[in-house]
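Before any comments, here is the structure.
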There are 2 protein chains.
Amino acid sequence: MARGRASTFDATREQILDQAARLFAAQGYPGTSMNQVAEACAVSKPTLYHYVRDKHELLAQICETHVLELATLVAEVDVQGQAQGLSPEQRLRLLITRFMQAYGRSQNQHRVLTEDVKFLNDEDQARLKAIEREVVDAFANAIVAARPALQAAKLHKPVTMLLFGMINWTFTWLKPDGELSYDSVAPMVADLFFGGLGAVATEAASAPDAKAHHALHTP
Amino acid sequence: MARGRASTFDATREQILDQAARLFAAQGYPGTSMNQVAEACAVSKPTLYHYVRDKHELLAQICETHVLELATLVAEVDVQGQAQGLSPEQRLRLLITRFMQAYGRSQNQHRVLTEDVKFLNDEDQARLKAIEREVVDAFANAIVAARPALQAAKLHKPVTMLLFGMINWTFTWLKPDGELSYDSVAPMVADLFFGGLGAVATEAASAPDAKAHHALHTP
DNA sequence: CCTACCGATCGGTAGG
DNA sequence: CCTACCGATCGGTAGG
């Protein structure tokens with residue numbers, strides 16, 4: 001009996017988090033009222049507060065769950081890459097595909113993570129940023145493994161962020177019910193990126209101090 | 001005298017719009033109060049309302065000014081491209097450079113345009129979206145001019161959005177006072193993009209129906 | 001005495 | 001240009 005209730009509690013809580021993510025993604029965190037969240041879940045506000053401590057917990061839980069899912073993805077690809085003996089390029093392609101699929105599944109959560117994380121308190125923000133940094137580092141390492149010359153030219157970090165730009169920005173133009181799917185865009189991103197790395201690396205090789213040269217604002 | 005007041009009025013109004021853009025970018029539109037805007041401008045709230053009709057007008061003005069600046073940029077590059085006889089690739093490179101420079105100058109405004117445009121009313125939103133679409137189309141046309149094969153493969157639109165992903169996402173990791181400048185990243189974006197287009201176009205040529213194949217979610 | 005909720009309202013603050 | 005407010009709604013919680 002107690003277990004039955006507990007499982008109902010957890011399932012209800014997950015539905016609430018999902019509705020909150022949808023509303024936060026559409027209206028922003030400060031633009032969404034707890035009344036709206038309660039209404040979307042078809043419960044009264046006191047009932048809503050039975051499942052979550054306060055509004056901040058909603059945001060923290062949504063962001064944490066999503067960022068942990070991304071970190072898990074990275075770990076899984078690591079394991080799979082070792083087990084199947086994938087090449088660095090194959091590993092990065094798998095990473096890109098898995099991330100795009102995750103974004104497709106969790107579009108709302110992803111938008112909340114990118115746009116509303118600033119409304120968390122400093123402690124939660126620091127904790128999640130640390131996990132995000134691990135994820136970004138994993139991509140950067142995969143890129144360096146595939147194209148070691150980039151690290152030598154100190155181009156691996158900006159190039160990593162350009163890759164994240166391509167895949168993260170998709171939430172503004174790829175719609176779950178649209179003509180193009182996340183699965184179809186993933187290989188385009190990978191092809192564009194790997195094709196482009198050659199050009200960037202070539203430029204870096206011919207002008208190894210390109211970054212230092214460009215780093216200062218033109219006077 | 002009246003003219004003297006008018007010019008002061010306009011200058012004060014611009015400072016207010018700039019402060020508002022800074023606050024909206026940092027806290028979001030619903031998360032920013034008119035009291036905060038007034039305080040940041042060192043004026044009372046009634047004084048603030050002497051320069052702007054309401055909160056909504058602040059947002060609309062910030063977004064419209066910025067998107068019109070981007071549209072102007074496109075027009076200027078068109079003129080310059082014709083006058084100097086630039087190749088399609090040179091024109092697109094110039095477009096990328098000019099946009100990155102504009103983002104560097106107007107980071108707050110750009111963040112507001114991308115994250116808070118949803119809080120405008122339907123009419124303003126439709127008007128600005130139409131201008132945005134013109135800008136995106138100009139990029140798409142420049143890309144097609146440089147690589148006609150992409151249009152045949154119906155890849156020019158997603159590829160255009162991937163390019164926008166790279167340059168738009170920079171506002172999350174490029175800081176005006178950071179180690180890397182917008183000017184130094186612009187050629188990296190262009191090199192990565194043009195290098196990658198070859199790979200995407202090659203894939204498209206070897207499998208012309210790749211998009212149709214990928215367009216449906218895997219069953 | 002517990003849980004799971006309801007209708008009503010709390011103290012503060014929003015935009016204006 | 002300020003103090004002083006309004007109708008409403010905010011996030012959160014009272015009693016039953």
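General remarks:
- Farthest towards the positive end of the charge dipole of the range A:60-214, among the residues A:Gly198, A:Trp169, A:Asn141, is the Cα of A:Gly198, using unit charges on the Cβ of Lys, Arg, Asp and Glu.
- Rg/Rh for the range A:67-157, where both radii come from Cα atoms and Rh is the Kirkwood radius: 1.02
- Helix B:55-84 axis versus longest C-alpha principal axis of chain B: approximately 40°, rounded to the nearest ten.
- The mean number of Cβ atoms from other chains found within 10 Å of a Cβ in peptide B:155-163 is 5, as a whole number.
- Rounded Å value of the spacing that divides the Cα centres of the range B:146-194 and the range A:76-91: 28 Å
- Principal-axis analysis of the Cα atoms of chain B puts helix B:88-105 at an angle of about 30° to the longest axis.
- Rh by Kirkwood over Cα pairs, then Stokes-Einstein D for chain A at 1.002 mPa s and 20 °C, µm²/s: 110 µm²/s
- Nm distances between copies for A:Glu39, ranked from closest, using label points 7 Å along Cα→Cβ: 3.0
- Helical contribution to [θ] at 222 nm, DSSP H n ≥ 4, -39,500 (n - 2.57), averaged over chain B, rounded to 500: -26000 deg cm²/dmol
- Counts of other chain beta carbons within 10 angstrom of each beta carbon in peptide A:133-141 average 0.
- In a simple Cβ point-charge model (Lys, Arg +1; Asp, Glu -1; nothing else charged), the range A:60-214 has a dipole of about 340 debye relative to its Cα centre.
- Kirkwood-type radius of the protein assembly as shown, with distances r between different C-alpha atoms, in Å: 23.6 Å
- Alpha-carbon radius of gyration plus Dmax, which is the widest Cα pair, for the range B:22-71 in Å: 11.5, 35
- Selected from B:Leu59, B:Ile96, B:Gly81, residue furthest toward positive end of dipole (the protein assembly as shown; charges at beta carbon): B:Leu59
- Length added when fully stretched, A:Arg53-A:Asn35, from 0.36 nm per residue minus Cα-Cα: 5.0 nm
- Extension gain, B:Gln15 back to B:Asp122 (0.36 nm per residue minus Cα-Cα distance, nm): 35.8 nm
- Shielding score for B:167-174, defined as the mean number of other chain Cβ atoms within 10 Å: 5
- Nearest 10 degrees, 0 to 90: helix B:156-168 Cα axis against chain B principal axis: 40 degrees
- Label spacing, shortest first and in nm, from B:Ala11 to its equivalents in the remaining copies (7 angstrom along Cα→Cβ): 6.7
- At most 16 other Cβ within 10 Å, DSSP loop - trypsin sites (Lys or Arg not before Pro), the range A:10-102: A:Arg53
- Cα-Cα over 19 Å, subset of A:Lys55/A:Lys118; B:Lys129/B:Lys154; A:Lys175/B:Lys129; B:Lys129/B:Lys157; A:Lys175/B:Lys157: B:Lys129/B:Lys154
- Summary for A:Lys118: label point 7 Å along Cα→Cβ; distances to the equivalent points in the other copies, ascending, 1.5 nm.
Every number in this text was worked out from the coordinates using simple rules, so none of it is lab data. Quick caveat, the model's predicted, so the values are computed rather than measured. Note: ideal-geometry Cβ built from the backbone for every residue, glycine included; neighbour counts use all protein chains shown.
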